[in-house]
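This report concerns only the one structure given below.
The values are calculated or read from the model by the stated rules, or taken from the named source; none is laboratory data. Since the model is a prediction, treat every value here as computed from it, not as a measurement. Positions of Cβ are generated from backbone atoms using ideal geometry, with glycine treated the same way; all protein chains shown enter the neighbour counts. To get the accessible areas, we keep the full protein, side chains included, count just its heavy atoms, and leave off ligands, DNA and RNA. Shrake-Rupley method; radii C 1.70, N 1.55, O 1.52, S 1.80 Å.
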Amino acid sequence: MTAPTTTTAAREGGRWIEQWDPEDDAFWKDTGERVARRNLVFSILSEHIGFSIWTLWSVMVLFMGPEYGVDPAGKFFLIGMATLVGSIARVPYTFAVARFGGRNWTIFSALMLLLPTGAAFAVMEPGTSYTTFMIVSALTGVGGGNFASSMTNINSFFPLRQKGWALGLNAGGGNIGVPVVQLVGLLVIGTAGAAQPRIVLGVYIPLIVVAAVCAALFMDNLAPVKNDTGAAKEAVRDRHTWIMSVLYIGTFGSFIGYSFAFGLVLQTQFGRTPLQAASITFIGPLLGSLVRPVGGRLADRYGGARITLWNFAAMAAATAVVVFASLIESLSVFLVGFVALFLLTGLGNGSTYKMIPGIFQAKALDQGMTGEAAAAYGRRLSGASMGLIGAVGALGGLGINLAFRQSFQTAGTGTAAFVTFLLFYAVCAGLTWAVYLRKVPAGPVRATGTKPGLSYAEV
């Protein structure tokens, strides 16, 4: 196997790797692993900043006291707008990697974060219209798009046997951007006071530039990665794309929705001050982010479907604790249940994303493909489906914030919203079992043992 080569002559933009085969053990040990890990590190950095900017308004609303003239329902809708735009942005961001190159797009997408950050810096003060706040919140959605391009890019760098770990680490490192921006907000509120939101924004502007420069210096483009419109159409028609989208609503949609809403729920339902809310808000997203690679690693070892099933069952149980805490108005019990929910969303994020490439490779084996043909089919369909799954899954965050908004408007608490979430997690658990774990007759490839051990139960 020839080592990967970079050339600026073959394509514009520089740092193009013309040959890449991570499934070849010799290539992977000699050069592939080192290059892949380097790209992973700086992909995490850029995605981390992207997540911080995407969830920026979960912090900004804590600075918006009565003088801003925005009620709790308006704040939930404000952060929901960022979730909506970030979800939609994931689709074009997914295809941008193959069109422009992973390195090149990472540079551009990082610099794009200057737009919402600078706009928020300009308008974040009492007297600004609600419409202006909505527009600026929508701009932060570009940070949500960063996740899709980053995951698509890293998915191409690693072999199937390490995708759960690599994608979990990439996503987890990015997700940590949520509690980090909330910690920055806590530090500012605790030191400068709740009237100084621009300090938070001033911290992130130079960090965005650093992420873009690091991507330019240390990342690579993969020439073999190309957009496949046929694969995209096939992925849209495949039922597994939509099933996994539903499951991803339950895991990542919950994570991002709760991350946006946690501080606002504490203020609205439990009467916490901005400082009190900010001192707690970061804990759940931090733990959920840190545990995401663990979910990927467990899925690599025991099968993503098995981990996902038990994870949804545990999420339903944790949500029941939160409902109970809401009914008895116990902040301590509420925090126990909610933090447990965050941990489980992180585990589920890792296990569900691990399932995607494995599902399509298992499908190829069921259809009689073997060896590299099955692996190539799995890479082709999983790459095409990831952006759509990520986009639909992230819309779960919008659903959570809209459910909270309606619940607080009608009942003054989030209890009704949590009951709805509990029922949805039960549906996700049943769907996982019915499609990926229920006993079915062995397909022709599995029956012959051509690819022992690979089934939907182990994806």
For 140-150, 194-204, 83-93, ranked highest to lowest by mean beta-carbon neighbours within 10 Å, the order is 140-150, 83-93, 194-204
Once percent of Cα pairs over 34 Å apart is worked out from the coordinates, which option in (i) 26; (ii) 39; (iii) 31 does it equal? (iii)
Relative packing of 315-322, 291-298, which averages over residues the other C-beta atoms within 10 Å, highest first: 291-298, 315-322
Label 7 Å along Cα→Cβ of Leu423; the range 310-343 residues with amide nitrogen under 15 Å? 320
Pick out, from Gly69, Trp433, Val213, the residue whose Cα sits farthest towards the positive end of the charge dipole of the chain, with +1 on the Cβ of Lys and Arg and -1 on the Cβ of Asp and Glu. Trp433
How large is the helix-only mean residue ellipticity at 222 nm for the chain, computed as the sum of -39500 (n - 2.57) over DSSP H runs with n ≥ 4, divided by its residue count, in deg cm²/dmol to the nearest 500? -25500 deg cm²/dmol
TM-like helix rule applied to the chain (DSSP H, alpha carbon span at least 27 Å on the long axis, mean Kyte-Doolittle at least 1.0) gives 72-100, 198-218, 304-328, 331-366
20 °C / 1.002 mPa s Stokes-Einstein diffusion coefficient of the range 78-136, Kirkwood radius on C-alpha pairs, µm²/s: 163
Inter-site label distance for Val236 and Val336 at 7 Å from Cα along Cβ, in nm: 4.9
Compute, for the range 17-119, the length of the dipole vector about the Cα centre, with Cβ point charges of +1 (Lys, Arg) and -1 (Asp, Glu) only. Units Debye, rounded to 20. 280
Once you keep just the Cα pairs under 8 angstrom separated by 6 or more residues, what percentage relative contact order results for the chain? 23
Considering only protein heavy atoms and a probe of 1.4 Å, how much of the accessible area of the chain is carbon and sulfur, as a whole percent? 66
Need the C-alpha centroid separation for the range 165-187 versus the range 204-224, integer Å. 18
Counting only heavy atoms of protein chains, what accessible area per residue, in Å², does the chain have with a probe of 1.4 Å? 36
Highest mean first, how do 279-285, 362-368 rank when packing is the count of other Cβ atoms within 10 Å averaged over residues? 279-285, 362-368
Taking the alpha-carbon centroid of each part, what is the distance from the range 46-73 to the range 347-376 in angstrom? 38
